[in-house]
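Beneath this line is the structure, given in structure tokens, with notes to follow.
The values are calculated or read from the model by the stated rules, or taken from the named source; none is laboratory data. Note that the structure is a prediction, hence the values are computed from the model and not measured. For neighbour counting, all protein chains shown are included, and Cβ atoms are generated from backbone atoms with ideal geometry for every residue, glycine included. Surface areas here come from the heavy atoms of the whole protein model, side chains and all, with no ligands, DNA or RNA. Shrake-Rupley method; radii C 1.70, N 1.55, O 1.52, S 1.80 Å.
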2 protein chains.
Amino acid sequence: METFVKDEIDEFNMLKISVDNRKVGESETADDNCQKNMVENHEKVPLEDTPFSFLKSLIPMMLTDGLEEGRKRNNKVIEFVHPKELKKRLDWMEISGEGTEDSKLLDACADIIKYSVKTGHPRFCNQLFGGMDEYSLAGSWLTEVLNTSQYTYEVAPVFTIMENSIYKKLLSFVGFENGEGIFCPGGSVANIYALNIARYKRHPEIKTKGMAALEKPLVLFTSEKCHFSIKKAAILLGIGTDYVYTIKTDARGCMIPEELNKRIEEAYDNGLEPFFVNATAGTTVRGAYDPIDKIADVCKKHRLWLHVDGAWGGSALMSRTYRHYLKGIDRSDSVTWDPHKMMGAPLQCAVILTRHKDVLKQCNSACAAYLFQQDKCYDVSYDTGDMSIQCSRKVDVLKLWMLWKAKGDTGFEKDIDNAFHCSRYLAQKLKRTPGFRLLDEPQCTNVCFWYIPHSLRDQPETEEWWQKLHRVAPAIKKKMMEIGSMMIGYQPDGKYVNFFRMIVTNLDTTEEDMDFLVDEISRLGKDL
Amino acid sequence: METFVKDEIDEFNMLKISVDNRKVGESETADDNCQKNMVENHEKVPLEDTPFSFLKSLIPMMLTDGLEEGRKRNNKVIEFVHPKELKKRLDWMEISGEGTEDSKLLDACADIIKYSVKTGHPRFCNQLFGGMDEYSLAGSWLTEVLNTSQYTYEVAPVFTIMENSIYKKLLSFVGFENGEGIFCPGGSVANIYALNIARYKRHPEIKTKGMAALEKPLVLFTSEKCHFSIKKAAILLGIGTDYVYTIKTDARGCMIPEELNKRIEEAYDNGLEPFFVNATAGTTVRGAYDPIDKIADVCKKHRLWLHVDGAWGGSALMSRTYRHYLKGIDRSDSVTWDPHKMMGAPLQCAVILTRHKDVLKQCNSACAAYLFQQDKCYDVSYDTGDMSIQCSRKVDVLKLWMLWKAKGDTGFEKDIDNAFHCSRYLAQKLKRTPGFRLLDEPQCTNVCFWYIPHSLRDQPETEEWWQKLHRVAPAIKKKMMEIGSMMIGYQPDGKYVNFFRMIVTNLDTTEEDMDFLVDEISRLGKDL
């Protein structure tokens, strides 16, 4: 291995020096017996002498092809290949008896980067996550280096304190004066937690006696436009989808509180036991905000647990301009919020928050004696693992902390405001551009619209016309995937045939990206 | 920013050249319409001109202090500080309105590394995970760079194919000819899946009608020494802990099949409906393997679902010498296996495998129209998201694939064999060393033992004597934490007072590490 040229200042050596000046590894605790077997203040290995030659080979590739090239607007978002063909091209995939040499693994990594979707690209608008923040990535990488689990202070001292600090911050944005939270592997799992603690709070006997102890089936309420994880959670918890009562929404996709009230009364009439209402803050497709404040009134009247699924739209809480969409959230019992969505943290970064302090532990604890020993040498109230339905729990806090610390509240607000602004800019532009039809003014950053190709313009909008329009979005999406110029989602929704759902979640998005989207869809769809 | 010295070959430039020679970004698909708006074969940004100056500053620190220093035997495993004091020292933690400059963030990162436990250190033996494999870490970092979700082929083409390839491999090690699997955020969640699909398979109507549809309460069976996640899963699924029937174990901690049979008959007599048996392959504390083959006979007789929780001990399947511990696993219905434990992948990397093809989707599907559109331009059978209880699902496969591909099956077998060998070496050594008492010969790599200080040797073993011994392990652990020389766990278990649980999970462990452990505990405990 060649060494760095010492008499020249290169970037890496400069960095190394700044690191070397820190007294890492030096003990600050005064214990005379310390480190009898350990060399104090040992000579530190300089960077160029560290091993990890494979990792060091991969770093440049990740920084250039993975990160920098992966977010350049002129590069492809996706190098689309059909599954069977891709399998053929990734002919290095199979693992055999013998190991593989580094150069072949690096070739494989180049292929992995090439054929993976560039989700950090400003024109990746296909899902409710995307973008790439350098600080957050740094937090992710450091998390992997330190590879620990969140269950005890003993093995996660820094991250235990960091989680508590971030929960406090998130709780304050929600408006819960007290309460607690826990990071979950995704918003769906956060919703599972919400259902579980709500059920426990109502019927603590379920923990030991199960659903068999109940006289009446439990029923929960959610809008017909809610995320499908509510249904999945109801299956998992043994509630059953028949007892997920869906509530009608208005023309904008928001739950109608009067309908909620009606359905609750209907459930009572059916001999069921209502216990839980889910209000969605930012629906997946249309970005609709359910009217939380009014829903809270209904919940108060019937004494039901109010959960706000703000996985997607919760980040508006950080903006003084847009947080009004969540008015009343401080009256809820629990909140799901995914910083891996609009806040731009890498996957996975989701949290469940609740105003009910201690309910997570009361509900989920199993008191494992091997992990949560009460005779440990420190204050074991810092061991939070028994609050979780998991045992090992990945550290998801550092990437969020890093991101947030780097930006500050004001930087975050500016970014969220920009995302909302871009969606409004796009909506206005679509209204002015021939061939586009907006479904509705945006609430969250979702902009839903049809593209009407020339062949369908100025024609009577018959059933057949709508069926033709239904095939337009998939056809344009296919072209888009093959060309790789951008990725946005489409879907039907209720009475509406397939339409595009543009979402702004990449915090680097600009007005020009919105202009590009309009031009590109026009170009791809013009001959349909 | 200073640039690299061009006429000297330094490590980084050598690497850069090898990367530049790959034609990354060049399209292989022949589509004349492609990339009209995109510059073909653009000039690539050289590494030194990429942005990400913060990330590039952090890399040397991660490689030296995080990785290399973090695993040196002469360095501390932990810089222990009590929670309140640590909060004071981490005085940069709070996030304010304004952002933070890079240099301050780097200082914070240095503290984060300093006060975090070095889980890659060969003397971190505190949990069922640990060690640090360079290839696996490379896989983790690349995963973070590519930041995507596993739900659809569309956004995870490479990783969908990679998961299928790894599932096939894992299934074959279990001995399932067919079947399927899914990566989960930890073994506890894998156990939740197992319970859920077993319940669904028996009572598919539960999906819609919930547990309210059942005439009799469901009951499951597991050994008294099983992992606490089985209980947590029973709470979550609405089964209740009263219906978790625990089965007695023999002196070595293994479930007694005759006792299982008795308890199943007892449940029938109590008017309950048995449906699920959990056999543990490698219990958390003592590393006991339940006799799967005999348990399978009992399950067959009563037609019950047999799940094997091999989160910890499942990796023995990779060793021809030790896989006999799991004899009969090919007769089970589902298996939990955590590659983030003995296989050395970073957290989180866990999988649930089942012989019942399609059950995951049948049980968990909610058919979200916005995500699993059936009119997509590719074969949508590759979209696997509806099998999951999650929506976004982090990519956990790459770190495992990278690790496995680098080692090959034989390399892995050698490493697993070494871990088992070290545990046997330690057990033999403890038997020969005055002051140590082994609980039992190891099964998995857990070695459980008491250290008996001089003050307690050669004395009648009265109740009082055992109570004194109970306080020895915590006292030694406290010293160990303060000095930072090593970390191993202790706990009581049933009739046994606090004892140490040494586990070998770091694949770099050597016989000398075992010698160190014995010397260090003797040294720390000699004056007790």
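Some values worked out for this structure:
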{"read-out": "Qualifying trypsin sites (Lys or Arg not before Pro) for region B:409-510 [loop in DSSP, other Cβ within 10 Å: at most 14]", "value": "B:ARG457, B:ARG471, B:LYS495"}
{"read-out": "Chain A: C-alpha gyration tensor shape, a/c 1.5 cut-off, then a/b vs b/c", "value": "oblate"}
{"read-out": "Values of log10 I(q)/I(0), in the order q = 0.18, 0.20, 0.21, 0.23 Å⁻¹, for region A:244-312 under a Debye, Cα-only, solvent-free model", "value": "-0.63, -0.77, -0.84, -0.99"}
{"read-out": "Share of carbon and sulfur in the accessible heavy-atom surface of the protein assembly as shown [1.4 Å probe, %]", "value": "48"}
{"read-out": "Accessible surface, region A:181-226, averaged per residue in Å² (probe 1.4 Å)", "value": "28"}
{"read-out": "Cα gyration tensor shape of region B:63-171, rounded if a/c is under 1.5, else prolate or oblate by comparing a/b with b/c", "value": "oblate"}
{"read-out": "Loss of accessible area when A meets B, both sides summed, Å² nearest 100, probe 1.4 Å", "value": "18500"}
{"read-out": "Cβ-based charge dipole, region B:156-302, positive-most Cα from B:ALA190, B:ILE247, B:ASN261", "value": "B:ALA190"}
{"read-out": "10 Å Cβ shell holding at most 15 others, DSSP loop, GluC sites (Glu not before Pro): longest site-free stretch of chain B", "value": "B:225-460"}
{"read-out": "For residues of B:339-346, the mean tally of beta carbons on other chains within 10 Å", "value": "2"}
{"read-out": "Residue-averaged beta-carbon neighbours from other chains (10 angstrom radius) around B:79-88", "value": "5"}
{"read-out": "Per-residue [θ]222 nm for chain A (sum of -39500 (n - 2.57) over DSSP H runs n ≥ 4, rounded to 500)", "value": "-12000 deg cm²/dmol"}
{"read-out": "Listed residue (A:THR143, A:TYR496, A:ASN418) projecting farthest to the positive dipole end of chain A, Cβ model", "value": "A:TYR496"}
{"read-out": "Violating pairs (Cα-Cα greater than 31 angstrom) within the set A:LYS76/A:LYS414; A:LYS232/B:LYS87; B:LYS262/B:LYS361", "value": "A:LYS232/B:LYS87; B:LYS262/B:LYS361"}
{"read-out": "Other copies of A:LYS84: label-to-label distances in nm, shortest first, labels 7 Å along the beta-carbon direction", "value": "6.9"}
{"read-out": "Centre separation in Å (Cα based) which lies between region B:438-504 and region B:134-187", "value": "39"}
{"read-out": "Interchain or long-range residues, amide H under 5 Å from A:PHE436's placed H", "value": "A:ILE452"}
{"read-out": "Alpha-carbon centroids, region B:194-244 and region A:280-311: separation in whole Å", "value": "30"}
